[in-house]
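A short write-up of the structure that comes next.
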Amino acid sequence: MQNSTAFQKSLALTSAVWKALFLREAGVRMFGSRMAWIWLIVEPLINVMWLVAIFSIIRIRHVGGIETALWIAVGMLVFLTFRRTLTQVQNGIDANKSLFAYRQVRPGDVALVRALVEGFLMFLISTAVFFAGAFIGWMAWPANAWGVLEAFIAVWLCAVGLGLVFAVLVKLVPEAGRIIGFIMTPLMMISGVIFPLSAIQEPYLSLLLLNPLAHAVEAARIAFSPYYHSVPGVDLLFVYQSALVLVFIGLALLRRFNQRLVMD
């Protein structure tokens, strides 16, 4: 009985901490500066629009059997969900060091709440982009909305896990931060965000499909349009399995180096 009461108190305390951190992080992300909330929306739109413009100039109207704008928007929003979440989780500990003066707040709390805030914001932004695209005739409504959401959740979980790993790694080896920033553009290239993976021949395609992000991007496009000509072997379960491994490693590293993260 005492164990149950202690657990309930611990759960209530954690819930209160997470709620306070969520409101704080959401306020900072949306109203931290005069243009913060505008940039949250403008950044994904710019990324989508410049790619659509390039493809329009070279007169590519369809990719894999679907409209170019839809193909680009889905891939870019999946990638931005991954990149933004990873960045927020990775930088969360350093950005909130002052909060560790309160013994109820731990590095894991800050990192995970930041991931929740970013996931929530990207859900709202992605939904708005898709609705706007459908309204003006650029995109179709998703054939399988739940399948699209599954792909976004899977890539978000991967970003959470990798962000936790990088958060600890950068603390232990500060120079690693430069390497992490450097790999984002190549990662976008090999994930099929701005060029179709179907153009890659074997054995290189099999190597690219070792990247969980590529599976998530293709799975989201398939869910939007069952007529999309995807590469064979796309497996969303592989993305979830990869995310589970990354989250486990990230949480284990946080637990192992918790004291150092708080003290540094």
query = If we scan the stretch 111-128, do we find a residue that is open to solvent by 10 Å² or more (accessible area, probe 1.4 Å), modelled with pLDDT under 85 and among the small types (Gly, Ala, Ser)?
reply = yes
note = Scanning the stretch 239-264 for residues that are within 19 Å of residue 207 (Cα to Cα), open to solvent by less than 60 Å² (accessible area, probe 1.4 Å) and not β-branched (Val, Ile, Thr) gives 242, 243
remark   = Those residues of the stretch 152-186 that are part of a helix (DSSP H, G or I) and either more than 18 Å from residue 96 (Cα to Cα) or among the aromatic types (Phe, Trp, Tyr) (or both) come to a total of 21
query = Within the stretch 145-153, can one find any residue that is surrounded by fewer than 22 Cβ atoms within 10 Å (Cβ to Cβ), closer than 17 Å to residue 217 by Cα, among the charged types (D, E, K, R) and out of contact with any Cys (no Cβ under 9 Å at 6 or more places or on another chain)?
reply = yes
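I want to confirm something. Restricting to the stretch 225-238 and keeping residues that are open to solvent by 100 Å² or more (accessible area, probe 1.4 Å) and not in a helix (DSSP H, G or I), which single residue is modelled with the highest pLDDT?
Among those residues, the one meeting the criterion is 232.
Would you say residue 9 is out of contact with any Cys (no Cβ under 9 Å at 6 or more places or on another chain), loosely packed, with under 12 Cβ neighbours inside 10 Å and modelled with pLDDT of 70 or more?
For residue 9, the condition - out of contact with any Cys (no Cβ under 9 Å at 6 or more places or on another chain), loosely packed, with under 12 Cβ neighbours inside 10 Å and modelled with pLDDT of 70 or more - is not met.
Let's see how each residue does on (1) open to solvent by 20 Å² or more (accessible area, probe 1.4 Å); (2) under 18 Å from residue 213 (Cβ atoms); (3) modelled with pLDDT under 70:
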site: 23; (1), (2), (3): yes, no, no
site: 30; (1), (2), (3): yes, no, yes
site: 34; (1), (2), (3): yes, no, yes
site: 56; (1), (2), (3): yes, no, yes
site: 67; (1), (2), (3): yes, no, no
site: 80; (1), (2), (3): no, yes, no
site: 88; (1), (2), (3): yes, yes, no
site: 98; (1), (2), (3): yes, no, yes
task = Could you tell me whether the stretch 214-224 includes any residue that is touching a residue at least 60 places away in the same chain (Cβ under 8 Å), surrounded by 18 or more Cβ atoms within 10 Å (Cβ to Cβ) and charged (D, E, K, R)?
result = yes
request  = May I ask you to list the residues in the stretch 199-209 that are open to solvent by less than 70 Å² (accessible area, probe 1.4 Å) and either part of a helix (DSSP H, G or I) or out of contact with any helix residue (DSSP H, G or I) (no Cβ under 8 Å at 6 or more places or on another chain) (or both)?
outcome  = 199, 205, 206, 208
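The values are calculated or read from the model by the stated rules, or taken from the named source; none is laboratory data. Predicted, not measured: the structure shown is a model, and the values here were computed from it. Note that we place each Cβ from the backbone using ideal geometry, even for glycine, and neighbour counts take in every protein chain shown. These accessible areas exclude ligands, DNA and RNA; they are computed on the full protein's heavy atoms, side chains included. Shrake-Rupley method; radii C 1.70, N 1.55, O 1.52, S 1.80 Å.
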